[in-house]
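Heads up, the thing below is written out as structure tokens.
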Amino acid sequence: METIETSRSSHELPVTTTDSSGPAAKKLTLVPLIFLIYFEVAGGPFGEEPAVQAAGPLLAILGFLIFPFIWSVPEALITAELSTAFPGNGGFVIWAHRAFGAFVGSMMGSLKYLSGVINVASFPVLCVTYLEKLFPVLESGWPRNVCIFASTVVLSFLNYTGLAIVGYAAVVLGLVSLSPFLIMSAMAIPKIKPHRWGSLGDKQKDWNLYFNTLFWNLNFWDNVSTLAGEVDNPQKTFPLALLVAVIFTCVAYLIPLLAVTGAVSVDQSRWETGFHAEAAEMIAGTWLKIWIEIGAVLSSIGLFEAQLSSSAYQLEGMAELGFLPKFFGVRSKWFNTPWVGILLSVLMSLGLSYMDFTDIISSANFLYTLGMYLEFASFLWLRKKLPELKRPYRVPLNIPGLVIMCLVPSAFLMLIIVFATKIVYLICGLMTVGSVGWYFLINYFREKKIFEFNQDVDHLDYVNEEQRPKHEEDHDS
């Protein structure tokens, strides 16, 4: 694999492109990108049910109505600006590195990657959770474990065949998996009693479950940034795709939630993951329940593919930037996909997929929270540090306005940390310490030349543009 450095303006990192002996990879266009973002974040209303169980219908509805404005929109705006300014497969790793240097870039990469593979692990579990309602044998024991393993392996191969294929598959999966919810919502209209929307529930609030459900269902907007190098005309495509995806995602959550909470009256404790299928049976019959369960399986496939793609291409981007050994960026000769990144991500997710589902999403949320603090800081510092940087899309706020925009979701992130359980603190604490150790281990490998690296990250690690060596300025010009 030959790495080629492309000249850019003096304010930008070199962007590396991969010259593979395999066929040229097709670029992602607008519609497939919209659905990939949709599956990075949501994949449908599957998994929103625990918000009702945790805090009742009113707070669940308010959460999915308000939370997108205090979290999803700011995160999507930041992603649009920085992905168009730095359109490489490193995504948020490039942003943190460009803002604060190699150590912070490495920490951002490690935290977001670990959060991503933990998230990947949750989707086969979610898939089996819906399947067990059709096939009770999958509720526990070896049949459940074998099903999780087999689905992970088979779906990983689809990812291996190429991002363009994954993108168009996401379009089909999205439309098919959402269609039964549209039918259920329409059939629920005559049965809706609006006063049910005002219920606060009849049990003590479970704030840990409530906030983690909202966060898990509406975060990961920035994960698509690691695919920026695979997008056709990213400067124009990214902002529009993110705008459409935010609206699409919010509507896809709210309409079924309003329909079911208004039309069905059941004990609050029944609102577990998968309850939408039971509600469909109450509203329309067994046929719609089966359709929604099939849709849940298809949605889990889309979620898995989108998240696995981001994780694999992130490793390739980090290898291109010199944060990881060069072999992490090796692409397949047949499909021109980063097979090493895919394989490593799948193996890690398999090991994590046998954790408790709530612990899986809580751990993913916790690590993602730490990464988001670094991302907000990087975004603000890049605005101050590089005011003249070409930004094809620019959030229309000055620095004080941007600080306020980032402070509101930052306060919510603190709730995720405060309400975490002991097992989540333990898992994430060990992973964070491991991320620090990984940075120094990689530096040791580089110094001792144990592995080959594309470039030395330190030669890009300057706090100010004036610190750049003269020969680099001449190269950029």
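What follows draws every value from the coordinates through simple rules; no lab data is involved. Because the structure is predicted, anything quoted here is derived from the model rather than measured. Positions of Cβ are backbone-derived with ideal geometry, glycine not excepted, and every protein chain shown enters the neighbour counts.
Can you give the extra length, in nm with one decimal, that the chain gains between Lys449 and Ile399 once fully stretched, where that is 0.36 nm per residue apart less the Cα-Cα distance?
Length difference between fully extended and current span is 13.8 nm.
Tell me the relative contact order for the chain as a rounded percent, counting alpha carbon contacts under 8 Å between residues six or more apart.
Dividing the mean separation by the residue count of the chain yields 33 percent.
Using alpha carbons only, how many degrees (0 to 90, rounded to 10) separate the axis of helix 207-218 from the longest principal axis of the chain?
60 degrees
Rounded, prolate or oblate: which one fits segment 141-279, using the alpha carbon gyration tensor with axes a ≥ b ≥ c (rounded when a/c is under 1.5, else prolate when a/b beats b/c, else oblate)?
Prolate.
Could I have the simple spin-label model distance between Val146 and Leu243, label points 7 Å from Cα toward Cβ, reported in nm to one decimal?
5.1 nm
For the chain, what is one quarter of the convex hull surface built on the Cα atoms, given in nm²?
21.9 nm²
In deg cm²/dmol, rounded to 500, what helix-only [θ] at 222 nm does the chain give when every DSSP H run of at least 4 residues adds -39500 (n - 2.57) and the total is split over its residues?
After summing the helix terms and dividing by residue count, I get -22500 deg cm²/dmol.
Return P(r) of segment 97-165 (all Cα-Cα pairs; 10 Å bins starting at 0; whole %; ordered from short to long distances).
Spelled out per bin, shortest first, that is 17, 32, 26, 17, 7, 1.
Ordered by packing density, taken as the mean number of other Cβ atoms within 10 Å over each peptide's residues, highest first, how do 94-101, 126-133 rank?
So the order, starting with the most tightly packed, is 94-101, 126-133.
Please go through the residue pairs Lys133/Lys289; Lys326/Lys448; Lys27/Lys236; Lys27/Lys390 and name each one whose alpha carbons sit more than 20 Å apart in this structure.
Lys27/Lys390
D for segment 377-454, whole µm²/s, Stokes-Einstein with Kirkwood Rh over alpha-carbon pairs at 37 °C and 0.692 mPa s: what number?
199 µm²/s
Please work out the FRET efficiency for the pair Glu272 and Phe103, using the Cβ-Cβ distance as r and a Förster radius of 35 Å; give the result to the nearest 0.05.
Taking R0 as 35 Å, the efficiency between Glu272 and Phe103 is 0.25.
Can you tell me the 0 to 90 degree angle between the C-alpha axis of helix 141-160 and the longest principal axis of the chain, rounded to 10?
Value to nearest ten degrees: 50.
In nm, what is the difference between 0.36 nm times the number of residues separating Glu139 and Val176 and their Cα-Cα distance?
Result for the pair: 10.8 nm of gain on full extension.
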